[in-house]
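Novice: Dropping the structure in here first, questions after.
The values are calculated or read from the model by the stated rules, or taken from the named source; none is laboratory data. Quantities reported herein were computed from a predicted structural model and do not represent experimental measurements. A quick note on method: Cβ atoms are made from the backbone with ideal geometry, for glycine too, and the neighbour counts reach across all protein chains shown.
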Amino acid sequence: MNPYIPIVGMVALATIFVVISMSLSLVLGPRRYNRAKYDSYECGIQPTPQPVGGGRFPVKYYITAMLFIIFDIEVVFLFPWAVAYRQLGTFAVIEMIVFIITVFIAYFYVLRRKGLDWD
């Protein structure tokens with residue numbers, strides 16, 4: 001049980017911080033209620049009634065989010081490999097190099113197509 005005491009302490013500290021922060025924001029925060037504050041907001045797109053046929057929908061925000069998720073998955077694969085690097089053989093190193101090259105080819109393709117530009 002001793003190894004878990006620091007983890008339990010951090011969870012307790014985080015919980016106390018959240019409870020205190022939320023209660024202080026309720027007590028000390030400004031009380032300015034207006035219509036714009038409670039209006040729907042979706043990624044910078046003004047909520048309007050949709051046309052009958054559906055209409056065009058800008059998906060740039062979602063494509064960018066999916067790209068970042070793909071590169072986060074790369075980190076998920078790289079971290080265990082980095083932890084067990086000394087126990088792995090030459091084959092695992094070559095496989096990881098091939099994986100990184102494949103991901104960077106996709107990354108440079110996205111950069112060349114301006115997939116990460118907001119304009």
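Novice: Identify, please: which residue in the stretch 101-118 is in a helix (DSSP H, G or I) and aliphatic (A, V, I, L, M) and is, among those, farthest from Tyr61 (Cα to Cα)?
Specialist: In this case the residue turns out to be Ile101.
Novice: With Val11, Val75, Val98 as the choices, which residue is at pLDDT below 90 and of a type in the set (A, V, I, L, M)?
Specialist: On inspection, the qualifying residue turns out to be Val75.
Novice: Do we have any residue at all in the stretch 49-66 that's modelled with pLDDT of 80 or more and of a type outside the set (Phe, Trp, Tyr)?
Specialist: Checked the stretch 49-66: at least one residue is modelled with pLDDT of 80 or more and of a type outside the set (Phe, Trp, Tyr).
Novice: Write out, first by first residue and then by second, each pair whose Cβ atoms fall under 9 Å of each other, whose residues are 6+ apart or on separate chains, and whose first residue, in the stretch 62-86, is part of a helix (DSSP H, G or I) while the second is loosely packed, with under 11 Cβ neighbours inside 10 Å.
Specialist: Between residues of the stretch 62-86 that are part of a helix (DSSP H, G or I) and residues that are loosely packed, with under 11 Cβ neighbours inside 10 Å, the close pairs are Tyr62/Cys43; Thr64/Trp118.
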